[in-house]
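Contents: one structure, followed by commentary.
Since every read-out is calculated from the coordinates, none of them should be taken as a lab result. What you see is a predicted model, and the numbers here were worked out from it, not measured in a lab. In this analysis, Cβ positions are derived from the backbone assuming ideal geometry, glycine residues included, and neighbour counts consider all displayed protein chains.
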Amino acid sequence: MTSQRCTGKGPVVLVDHRDLTFSHRGGPPGGASVARALTDEVSPNMGVGFARWEGAEVSWTLLYDEVIFVIEGRFELSANGVAYSVEPGQVLWIPDGTEVTYAGHALFGYVVYPGNWKERQLGK
């Protein structure tokens, strides 16, 4: 992966989840880990990465819009009193401010906007 910033007709970046370092985000019980695929230097506008969920449950209130796309397994999400079971080939869009609980056993990709949401929250 390149750390060069993409603007205009800049370089295309190919990222393989198998080359990333995953960080622990939940469990036990179970486990949850995430890996950022694109740095802020590549795109400050979008946060893109992969996650592995292995039975952990993690609750969170989103501070960004999020898209989740399942690659393997079954991802489970609870939001606003509704349970979603997401399989490979399906996508979830979750709006900013939604209280969620992530669960299941899956490898999935995610995209968040804005990608620099942490900076924006600290700046408030």
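Scanning the range 51-85 for residues that are aromatic (Phe, Trp, Tyr) and under 25 Å from residue 16 (Cα atoms) yields 53, 64, 69, 75.
Please list, ordered by first then second residue, the pairs with beta carbon atoms under 6 Å, 6 or more apart or interchain, first in the range 102-124 and at negative phi, second crowded, with 17+ Cβ neighbours inside 10 Å and in a helix (DSSP H, G or I). Qualifying pairs under 6 Å: none. No other residue among 113, 84 is hydroxyl-bearing (Ser, Thr, Tyr) and under 15 Å from the mean Cα position of the chain (by Cα) apart from 113. In this structure, residue 97 does not satisfy being in a strand (DSSP E or B) and either at positive phi or more than 15 Å from the chain's Cα centre (by Cα) (or both). Going by the structure shown, is residue 73 in contact with a strand residue (DSSP E or B) (Cβ under 8 Å, 6 or more places away or on another chain), part of a strand (DSSP E or B), more than 21 Å from residue 121 (Cβ to Cβ) and free of Cβ contacts under 8 Å to residues at least 40 places away in the same chain? Taking the combined requirement at face value, the residue satisfies it.
Against the conditions (1) touching a strand residue (DSSP E or B) at 6+ places or on another chain (Cβ under 9 Å); (2) closer than 30 Å to residue 10 by Cα; (3) surrounded by fewer than 14 Cβ atoms within 10 Å (Cβ to Cβ); (4) among the small types (Gly, Ala, Ser), residue 49 satisfies every one except (3).
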